[in-house]
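Colleague: Please read through the structure below; I'll follow up with questions.
The values are calculated or read from the model by the stated rules, or taken from the named source; none is laboratory data. These numbers come from a predicted model, not from an experiment. Note that each Cβ is placed from the backbone with ideal geometry, even for glycine, and that neighbours are counted across all protein chains shown. Accessible surface areas use protein heavy atoms only, side chains included; no ligands, DNA or RNA. Shrake-Rupley method; radii C 1.70, N 1.55, O 1.52, S 1.80 Å.
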Amino acid sequence: MTKLADILRRQIAATGPMTLAQYMSACLLHPEHGYYTTQDALGVDGDFTTAPEISQMFGELIGLCVAQAWMDQGAPDRFALIELGPGRGTLIADVVRATANVPGFHAAANLHLVEASDRMRKLQTSALPAQQPDWHDTAETLPEDMPIFVIANEFFDALPIRQFQRDKKGWREVVVGLGPDDQMQRGLSDPAPIDALQHRLDDTEPGALVEVNAHATAAVDALARRIMAQGGMALFLDYGGWHSDGDTFQAVRAHRPVDPFAEPGRADLTAHVDFEALARAALIAGCAASQLTNQGVFLERLGITPRAQGLAKGLRGPELEAHVAAHRRLTHPDEMGSLFKVLGLYPSTESPPPGLDP
Ligand code: SAH
């Protein structure tokens, strides 16, 4: 039993069941006992490994993609280079390194990081010794007076979701309550009409479960409005699909799935990203969204194979084997290549970022 489990059980006993989003928020970001505030989440010794932690090629190619998009939009002499949820800072450090020789890019860039956890902010400071980024708690406070070029890898999957189950009358929300043994368990609220799910009545049957990520759509709205008014673009990379379809709420600890209610605050909680909802939020703000593209295809289009071959020339033995395995892991359909997708946002008057189709 964790301290946080005790706090949450007492809270539910006092005020009734909570939404899954409230539960997830507390587990991930509770100021004293939350996962991102207390645990070393990322890497081989942590609970999960992300693409930039697998190989430097990932951040290099994303960096060159951003730099090309910046040049395609006329190389504005002042812009915000933004990462949402930078983790250990590996991706943004690779982006900065890979773009050092792009004429004018560094001189024009102002670095902004959206990061909720102070612990993570410290890791990001160490990864960027020569930079002075501005940190933000949410996307809503990002600059409003310059183009924004945004990257987000495995950010949206960490934002709290709500789940709804359809019955004949409408939707019932999945809530976290207490079972007969006083342990936390899932239950269902009374049916209630949900505006955000009106459009899902056509393609779902009674019994279907869908997920709604209001934090994600709010962040996309804030970014899309800026991209339309100020210029720039955004690249979102994550696991998920075009529709929310079924229960994807999951807990991972030490690279293994665990019960999400067993040790709140000790496991990473995520859900698959509903890219359709992100694209809809962008379109409502007047911004264009690219085709959803598999990560493997995107990285191949950006030239990961020639880059991998170039790096391979300097490697031998186990290092070479690890490098070949990393290339495969990032791109192969049996690994991250097709589970992970890429969505680009861009001004409706411009072309999509390199590697993506309109
Ligand atoms: N992009 C990194 C790390 C992904 S882990 C990589 O690819 O390796 C998710 C990151 O998002 C962490 O840095 C976490 O602290 C941050 N984060 C999680 N929830 C957040 C929220 N609600 N607001 C801002 N940052 C959040």
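Colleague: If you average the C-alpha positions of the range 198-235 and of the range 112-157 separately, how far apart do those two centres end up, in angstrom?
Modeller: Comparing the Cα centres of the range 198-235 and the range 112-157, I get a distance of 21 Å.
Colleague: Put E144, E335 in order of accessible area, largest first, 1.4 Å probe: what do you get? Write down the numbers at each step before the final one.
Modeller: Details: E144 130, E335 70 Å².
Of E144, E335, the descending order of accessible area is E144, E335.
Colleague: Quick check: from the Cα gyration tensor, does the range 52-168 come out rounded (a/c under 1.5), prolate or oblate? Mind dumping the intermediate values first?
Modeller: On the way: a/c = 1.75, a/b = 1.55, b/c = 1.13.
Prolate, because a/c is 1.5 or more and a/b exceeds b/c.
Colleague: Another one. Can you work out the accessible area per residue across the chain, with the rest of the protein chains kept in place, probe 1.4 Å, in square angstrom?
Modeller: It amounts to 45 Å² per residue over the chain.
Colleague: Please label the shape of the range 298-356 as rounded, prolate or oblate, based on the square roots a ≥ b ≥ c of the eigenvalues of the alpha-carbon gyration tensor (a/c under 1.5 means rounded; beyond that, a/b larger than b/c means prolate, else oblate).
Modeller: oblate
Colleague: Let me ask something else. Hey, with R₀ at 35 Å, roughly what FRET efficiency would Q250 and L283 work out to, going by the Cβ-Cβ distance, to 0.05?
Modeller: 0.75
Colleague: On full extension of the chain, what length is gained from R225 through D190, given 0.36 nm per residue of separation minus the C-alpha to C-alpha distance?
Modeller: 9.0 nm
Colleague: Let me ask something additional. Using R₀ = 22 Å, calculate the FRET efficiency as 1/(1 + (r/R₀)^6) where r is the Cβ-Cβ separation of N101 and R121; round to 0.05.
Modeller: 0.20
Colleague: Starting from the residue with the highest accessible area, list V220, V252 in decreasing order, probe 1.4 Å.
Modeller: V252, V220
Colleague: Further question: Restricting to DSSP H runs of at least four residues, report the calculated mean residue ellipticity at 222 nm for the chain, -39500 (n - 2.57) per run over all residues, nearest 500 deg cm²/dmol.
Modeller: Only helices count here, giving -10500 deg cm²/dmol.
Colleague: Something else about it: How much length is gained on full extension from S338 to E300, taking 0.36 nm per residue of separation minus their Cα-Cα distance?
Modeller: Length difference between fully extended and current span is 12.5 nm.
Colleague: Say each of L315 and I7 gets a label point 7 Å from the Cα, pointing the same way as Cα to Cβ; how far apart are those two points in nm?
Modeller: 4.2
Colleague: Follow-up question, since we're still on this one. Given all pairs of different Cα atoms, what value in angstroms does the Kirkwood hydrodynamic radius of the chain take?
Modeller: Details: mean 1/r = 0.0470 Å⁻¹.
Radius from the Kirkwood sum: 21.3 Å.
Colleague: Please work out how much accessible surface T349 shows to a 1.4 Å probe, ignoring ligands, DNA and RNA, in Å² rounded to 10.
Modeller: So the heavy atoms of T349 present about 120 Å² to solvent.
Colleague: Indicate, rounded to the nearest 5 percent, the antiparallel portion of the DSSP beta bridges found entirely in the range 226-329.
Modeller: About 75 percent, rounded to the nearest 5.
Colleague: What is the antiparallel percent of DSSP beta bridges lying wholly in the range 91-200, to the nearest 5?
Modeller: 75
Colleague: I've got another one for you. First compute the accessible area of the chain with a 1.4 Å probe, then give the percent of it belonging to carbon and sulfur atoms.
Modeller: Carbon with sulfur: 51 percent of the solvent-accessible area.
Colleague: Given a Förster distance of 51 Å, report the FRET efficiency between D134 and E205 from their Cβ-Cβ distance, rounded to the nearest 0.05.
Modeller: For R0 = 51 Å, the calculated efficiency reads 0.60.
Colleague: By accessible area of protein heavy atoms, probe 1.4 Å, what ranking do R226, R301 get, highest first? It would help to have the intermediate numbers written out before the result.
Modeller: On the way: R226 10, R301 120 Å².
Largest to smallest exposure gives the sequence R301, R226.
Colleague: Cα gyration tensor of the range 210-324, axes a ≥ b ≥ c as square roots of the eigenvalues: rounded (a/c below 1.5), prolate (a/b > b/c) or oblate?
Modeller: In terms of gyration-tensor shape, oblate.
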